[in-house]
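Reading through the structure tokens given below for one structure.
The values are calculated or read from the model by the stated rules, or taken from the named source; none is laboratory data. All values reported here derive from a predicted model rather than from experimental measurement. All Cβ positions, glycine included, derive from the backbone under ideal geometry; neighbour counts span all protein chains shown. For the accessible areas, the whole protein counts, side chains as well, though only heavy atoms, and no ligand, DNA or RNA atoms are used. Shrake-Rupley method; radii C 1.70, N 1.55, O 1.52, S 1.80 Å.
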Amino acid sequence: MHPQFNIHSDIRQANTLPGNFYNNESVYQASKEKIFARTWQYAADASDVAEPMDTFPFILLKNYINEPLVFTRDKEGITRCLSNVCTHRGKIIVEKPGKGRMLTCGYHGRCFRLDGSFKSMPEFEQVAGFPSEQDHLSKIPMGEFSNLLFVSPEPNDSFENYFRPMIDRVGWLPLHELKFSAEHSRDYFIDAHWALYCDNYLEGFHIPFVHPALNDALDFEKYEYEIFDYCNLQLGIADEGTAYFDIPEGAPYYGQKVYAYYFFLFPNMMFNFYPWGLSLNVVQPLAVDKTKISFRTYLYNNSATPDIPTIHQTEMEDEAVVESVQIGLQSRYYKHGRFSPTMEQGVHHFHSLISQFLK
Ligand code: FES
Ligand SMILES: [Fe+2]
């Protein structure tokens with residue numbers, strides 16, 4: 001049994017998550033089912049299964065959830081996410097991206113349709129009560145936003161309820177144009193708990209202390225926060241001489257010089273919208289003190305060059321503080337902290353959700 005964590009709903013009275021949350025192996029393991037299997041996770045780009053009969057296998061949160069899944073697109077153009085584990089003896093069915101009218105297991109020849117239903121199996125004529133419901137491939141709930149595909153094994157709430165606040169605020173952008181740029185994307189690895197990386201992302205409090213270049217680009221006095229059910233937004237306002245969005249009349253924040261929208265979707269995704277495109281950060285737990293963060297860059301048609309040097313420099317500065325905190329939290333003298341009511345609403349929201357999901 002792992003310890004319980006309670007975060008007071010009033011930020012002025014609340015304590016932060018205690019140090020042992022970030023060091024406890026059983027809490028780390030429990031978070032797989034209690035947090036990650038119940039929330040929405042980035043899985044693939046829509047372009048990975050763009051054509052009829054495309055199949056695209058992947059492992060959901062490799063080294064953590066480890067769920068083998070496959071996207072299929074049928075003749076009618078319907079995309080589905082299915083279990084990629086054969087219902088006979090459990091072999092992975094689709095081993096690499098490809099095309100096919102059916103999914104055929106390479107072990108003993110069991111066939112499934114692209115909607116996951118069982119089709120045929122050699123040498124099974126004498127099996128009683130076969131095929132049954134259990135012989136079909138399970139379907140996994142999925143959702144699409146801005147050419148990105150998301151799945152959730154057991155969602156605690158709808159895709160709509162997670163993504164709506166973001167769609168309402170950046171829906172005016174030409175999101176359908178966004179295309180993945182491998183050249184401008186990369187993975188980072190840090191020696192820290194996944195939630196510490198998120199904690200750091202969730203406040204702009206540290207910007208003047210940790211990020212001198214970013215601080216020059218932003219008007220820190222005008223930095224804003226908005227909190228939704230499973231999502232929150234930090235709004236960076238451009239300082240003199242920095243590029244900003246041309247927000248159309250009628251859209252939220254019209255008239256403000258927005259430098260970047262920083263959306264966090266619980267528990268592990270960051271959608272950073274800049275005038276040149278989107279930087280999606282997917283935080284993937286590897287061990288209690290090891291985390292991989294994929295920085296995926298998406299660009300508009302004819303877009304300006306993404307400002308990767310500033311993003312990389314900011315990331316290096318963030319990694320240094322996060323890894324320092326990971327060491328600090330192992331101290332016998334650190335129990336927990338408190339929140340700044342003006343600057344740490346995002347962190348308070350995140351800790352509150354973690355404590356609710358772990359109950
Ligand atoms: S494991 Fe797939 S057919 Fe036997
Ligand atoms: Fe930072």
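The table below lists the values:
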| read-out | value |
| --- | --- |
| Asp168-His336 FRET efficiency (beta carbon distance; Förster radius 35 Å; 0.05 resolution) | 0.50 |
| Highest-first arrangement of 197-206, 323-332, where packing means the average Cβ count within 10 Å | 197-206, 323-332 |
| The stretch 1-45-the stretch 302-359 distance, computed between alpha-carbon centres (Å) | 14 |
| Overall dimensions of the chain by Cα: Rg and Dmax, Å | 22.2, 77 |
| Rough spin-label spacing in nm, given labels placed 7 Å along Cα→Cβ, for Glu226 and Ala243 | 2.3 |
| Förster radius 25 Å - calculated FRET efficiency between Ser158 and His108, Cβ distance, rounded to 0.05 | 0.05 |
| Hz values of 3J(HN,Hα) by residue in the stretch 196-202 - Karplus curve (6.51, -1.76, 1.60), Gly and Pro given as x | 5, 4, 5, 3, 5, 5, 7 |
| Orphan Cys of the chain, criterion: no other Cys C-beta under 4.7 Å | Cys81, Cys111, Cys198, Cys231 |
| The stretch 275-359 - Debye-derived log10 I(q)/I(0), Cα point model, q = 0.16, 0.19, 0.25 Å⁻¹ | -0.95, -1.19, -1.35 |
| Long-range tail of P(r) for the stretch 41-145 (Cα pairs > 21 Å, %) | 32 |
| Burial ranking of peptide ranges 215-225, 112-122 (average Cβ count within 10 Å, highest at the top) | 112-122, 215-225 |
| Equivalent ellipsoid semi-axes - Cα gyration tensor, the stretch 183-279, angstrom | 23, 16, 14 |
| Radius ratio Rg over Rh of the stretch 133-200, counting only Cα atoms, Kirkwood formula for Rh | 1.05 |
| Rounded to 10°, Cα long-axis angle of helix 25-34 versus longest principal axis of the chain | 60 |
| Mean accessible surface per residue for the stretch 213-293, computed with a 1.4 Å probe while every protein chain stays in place, in Å² | 37 |
| The chain: calculated mean residue ellipticity at 222 nm from DSSP helix runs of at least 4, using -39500 (n - 2.57) | -6500 deg cm²/dmol |
| Burial ranking of peptide ranges 135-142, 95-102, 73-80, 290-297 (average Cβ count within 10 Å, highest at the top) | 290-297, 135-142, 73-80, 95-102 |
| Subset of Lys62/Lys292; Lys32/Lys359; Lys179/Lys292; Lys139/Lys179 violating a 18 Å alpha-carbon distance limit | Lys179/Lys292; Lys139/Lys179 |
| Two-site label geometry, His88 and Lys139: point separation in nm, points 7 Å out along Cα→Cβ | 2.5 |
| Using alpha-carbon coordinates, inclination of helix 159-170 to the longest axis of the chain, degrees | 50 |
| Normalised per residue, the volume of the convex hull around the Cα set of the stretch 163-358 (Å³) | 130 |
| Hz values of 3J(HN,Hα) by residue in the stretch 236-246 - Karplus curve (6.51, -1.76, 1.60), Gly and Pro given as x | x, 9, 5, 7, 3, x, 9, 5, 9, 6, 9 |
| Principal-axis tilt of helix 308-328 within the chain, Cα atoms, nearest 10 degrees | 90 |
| Alpha-carbon Debye profile of the stretch 1-41, log10 I(q)/I(0) at 0.30 Å⁻¹ | -1.00 |
| With DNA, RNA and ligands ignored, accessible area of Glu144 (1.4 Å probe; Å², nearest 10) | 110 |
| Total formal charge among the other residues, if their Cβ is under 12 angstrom from that of Phe163, Lys/Arg +1 and Asp/Glu -1 | -3 |
| Karplus 3J(HN,Hα) series, Hz, for the stretch 44-54 with 6.51 cos²θ - 1.76 cosθ + 1.60 (x for Gly, Pro) | 6, 9, 4, 5, 5, 9, 7, 9, x, 6, 6 |
| Nearest-0.05 FRET efficiency for Asp74 and Val210, computed from C-beta distance (R0 41 Å) | 0.25 |
